[in-house]
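Enquirer: My questions all concern the structure below.
The values are calculated or read from the model by the stated rules, or taken from the named source; none is laboratory data. Keep in mind it's a predicted model, so treat the numbers as computed, not measured. Here the Cβ is made from the backbone with ideal geometry for all residues, glycine too, and neighbour counts use every protein chain on show. Only protein heavy atoms, including side chains, enter the accessible area calculation; ligands, DNA and RNA are left aside. Shrake-Rupley method; radii C 1.70, N 1.55, O 1.52, S 1.80 Å.
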Amino acid sequence: GIDIWDIIATWTQETFQLGNTDQNESNIPDTDDKRRYATLQEALEHKSITTPLAPNWIPEGYNLVDIRVDETPMQLVFVAFYQCKDCKIKIQVKLYLDSDPQQIEQSDSLVETYESGGITYYIFSDYNQLRAVWIRENYECYISGELTTEEIKAMIDSIEKG
């Protein structure tokens, strides 16, 4: 069949883009689902998403601070926030209902690709944080935070082990 999402990963010195390059980026209004979830996976399952997308391992010392679910006619966005002292981790999963791309600003660092579970992950330095970005089916996902490469790869590897 035809891949309607026509996923393209490109990067320049200042941006990394995933998605269909024919669309324009849109803003997401704050339509936060006020339900409280114990895990990101629980929030995904509440919206009938069974595809493995959420890490099952978070580095020691980090605690879940909040999970937000924002829904618009164009996309469904899940965001989990973790914190350990002054360090933070953000995990985001977007379901595009219209194949809208996202651009992520990055520093001049080189992109490293990492394969896990048949998925290609793009890992790069985004100023003072490490970020992993990937596409699975019609979901755009990322992990960002003050993490080591080993920690972010362990989080990625834990996604399939749910």
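Enquirer: Just the residues that are among the hydroxyl-bearing types (Ser, Thr, Tyr) and more than 24 Å from residue 85 (Cα to Cα), please, taken from segment 46-70.
Expert: Within segment 46-70, 48, 50, 51 meet the criteria.
Enquirer: For segment 114-155, which strands (runs of 3 or more DSSP E) that fit wholly inside it have 1 or more residues that are open to solvent by 10 Å² or more (accessible area, probe 1.4 Å) and among the β-branched types (Val, Ile, Thr)?
Expert: Correct list: 119-126, 129-136.
Enquirer: Could you pull out every one of the strands (runs of 3 or more DSSP E) wholly within segment 1-79 that has 1 or more residues that are at pLDDT 85 or above?
Expert: 63-71
Enquirer: Output the residues belonging to segment 86-108 that are modelled with pLDDT of 65 or more and either out of contact with any strand residue (DSSP E or B) (no Cβ under 8 Å at 6 or more places or on another chain) or open to solvent by less than 40 Å² (accessible area, probe 1.4 Å) (or both).
Expert: Those that are modelled with pLDDT of 65 or more and either out of contact with any strand residue (DSSP E or B) (no Cβ under 8 Å at 6 or more places or on another chain) or open to solvent by less than 40 Å² (accessible area, probe 1.4 Å) (or both): 86, 89, 91, 92, 93, 94, 95, 96.
Enquirer: Kindly indicate whether residue 83 is modelled with pLDDT of 90 or more, open to solvent by 30 Å² or more (accessible area, probe 1.4 Å) and not hydroxyl-bearing (Ser, Thr, Tyr).
Expert: Judged against the criteria, residue 83 is a match.
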